[in-house]
Amino acid sequence: MRSRPGLATPHSDTPRPQRDPRQLARLLVYTRPYRALFVLGVLATLLSSGLGLVFPRLFGTLIDASFLKIGSTDTSQLDRTVLMLLGIFALSACFGAAQAYLLSRVGASVVADLRRAVFSHLLTLSPRFFGDHKTGDLTSRLTSDVSTVQTVTSTALAQLFSQGVTLVGSVGLLIATSARLSLLTLAVIPFVIGTAFAIGGRIRKVSREVQDAVAQANGDAEEAISGVRVVQSFTAENAERRRYGVGVQASFLAALRRAVLQAAMSGAMSFLTFGALALVLWYGGRQVMAGDITPGNLVTFLFYAMQVGITVAGLTGVFNQFQEALGASSRIFELLDEQSDLPEAAAPQPLARAEGRVTFENVSFQYGGQPMLRGVNMNVPAGQVVALVGPSGAGKTTLVNLLPRFWDVSGGAVRVDGQDVRAYSLTSLRRQVGLVPQETLLFSGTIAENILYGRPDATPAEIQAAAEAANAHTFISAFEHGYDTLVGERGVKLSGGQRQRVAIARAILKDPRILILDEATSALDNESEALVQAALERLMVGRTTFVIAHRLSTIRNAERILVMDAGQVVADGTHEQLLAQGGLYRDLYELQFRQ
């Protein structure tokens, strides 16, 4: 479930960076490829908002045309006003629909690009990073956090422009309609803005807490689901339910606190807005009774006052969205700002086709402050088969993981063909190294797709040839859909031996110069082991091979055996030489055969 270099992986205690409003500017960078669509959407928004400002004036004219001409038979002004209103409504609806489509498209595009960017960056990080972070937390940032910022890159910005135009226009028309009533209405705005800023900051903080709690719950769920066989075998279902329930409860309580804050802001906005309208209606009614303004002007003023109130409330809603997005974007940019601890050289050298010479020069390695390798020296000629043996925790897997640079040495150097592996580009180096681990990971696709992982441009004939060399073609052909058979998540529909042979076919197709076999047959039955061992022997021909095995019977014929203990090479020789020398190798050998 978590990557680890031999021993337990420590959790990261790195403090989280502070949320910075400049994250919003970074977020908007992702809208640049769609700025034409965005500008069109904003223009549609502005036109729709501008037309909305005309409506109250025409409605006031309609009122006066109806009530101030009681008894008149001339309805021409009334008819013209209604037709103009219908035209404005139609245009406003068209521009509104255009705005909704264009900005939704921009938002969806930005979210897709942001997810691709985050995922692509994750693939560049080292196993150390993934050992320090839960998979569920990373997927939560990739999904729910990115979705949270979608509104900012689409509708929220459009609403900001729209509400801004409506607010400025409505205030100007308010003053033009009645200056004295305007003063009464505008006096409420400072209270509205103050309330928004007072509560908005707390909403942003709680929104981050919601995202963190959801990510924690997702991480717990991912661990339980991926290890469901272990959970069920230990009858730990109730413990996992409780653990997941704690995370869900934490996210629920945080969401509840956010809902309370949002409800408080909404209630305050509603009270201030409609309270101001009630005062305007009271004072405006007295002016109509005194003959200072017409009923139509009062209705017009009320509409503009309502627009001001609704616009200010809308702006506070946009403000809330920005606060939530800043909380989510901080988690996203934490990932994008994460630097790999496997930096490439300024001018990395390509490794087109390695000879396969491998040298370890006084190699030491620490993980989490704990020494795991100490002073390892080894020179392996091209094409040699080297077996690594020793007790658990001796550092065998850690040593070979330094070859493809899953980790970097703490001291000394690992060389391929005489050159430090850190001088090569990571891509070209790893293309020369093939890995067949004990726990084979197949992806949830077809058998052919999993073999193609070794070389995506391979032909069907090359796929079959690799499968035949791996002793896999016979069982693949027995399936109803052959190479198009779905293997299920992690290859669950195949047996252990079948999965291992597909992995070997994948490695054969990759054609690496350096091969790492990490306990490749230890979990198989005798029949499967024989088939897999035969396939491995074909795979090893002509390649520099490192074989890690606990069962010494599987490596007796290795050209060279290195015995490791406590992170050091304590013996080096052939099977017969090491038995004659005595020591740890003979102890391990005799213990296994005695058992």
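Only aspartates and glutamates eight or more places from Lys205 in sequence, or on another chain, were considered; those with a Cα closer than 18 Å are Asp20, Asp145, Glu324, Glu334. Sites listed here are GluC sites (Glu not before Pro) in the range 453-542 whose DSSP assignment is loop and whose Cβ has at most 15 other Cβ atoms within 10 Å: Glu480.
For the range 382-486, the fraction of 1.4 Å probe accessible surface lying on carbon and sulfur atoms is 52 percent.
Measuring only protein heavy atoms, the 1.4 Å probe finds Ile504 accessible over about 0 Å². With the simple spin-label model, which puts each label point 7 Å out from Cα in the Cβ direction, the Thr235 to Leu256 separation comes to 3.3 nm. Sparse packing (at most 13 other Cβ atoms within 10 Å of the Cβ) combined with a DSSP loop state is found for none of the trypsin sites (Lys or Arg not before Pro) in the range 419-505.
Within the same chain, aspartates and glutamates fewer than 8 places from Lys134 are excluded, and of the rest, those with a Cα less than 13 Å from its Cα are Asp212, Asp220, Glu222, Glu223. Using a probe of 1.4 Å, the accessible surface attributed to Ser120 totals some 60 Å² when neighbouring protein chains are kept in position. Rounded to the nearest Å, what's the spacing between the alpha carbon centres of the range 322-395 and the range 489-517? Just the number, please. Between the Cα centres of the range 322-395 and the range 489-517 lies a distance of 22 Å.
Straight-distance candidates among the aspartates and glutamates for linking to Lys396, with alpha-carbon spacing under 17 Å and chain neighbours fewer than 8 residues away dropped: Glu361, Asp408, Glu439, Asp518, Glu519, Asp565, Asp572. Heavy-atom accessible area with a 1.4 Å probe sorts Met306, Met564, largest first, into Met306, Met564. Rounded to the nearest 10 square angstrom, Ile203 shows an accessible area of 0 square angstrom against a 1.4 Å probe. The accessible-area ordering, largest first, of the residues Phe38, Phe443 stands as Phe443, Phe38, per a 1.4 angstrom probe. Taking all protein chains into account, the per residue accessible area for the range 274-382 stands at 45 Å² (1.4 Å probe). Remark: the range 457-505 carries 50 Å² of accessible area per residue (probe radius 1.4 Å; ligands, DNA and RNA excluded). The listed residues Leu173, Leu47 rank as Leu47, Leu173 when sorted by accessible area, largest first, using a 1.4 Å probe.
The values are calculated or read from the model by the stated rules, or taken from the named source; none is laboratory data. This is a predicted model, so every value here is computed, not measured. Don't worry about glycine lacking a Cβ; one is built from the backbone with ideal geometry, like all the others, and counts go over all protein chains shown. Protein only, heavy atoms only, side chains kept; ligands, DNA and RNA dropped before computing areas. Shrake-Rupley method; radii C 1.70, N 1.55, O 1.52, S 1.80 Å.
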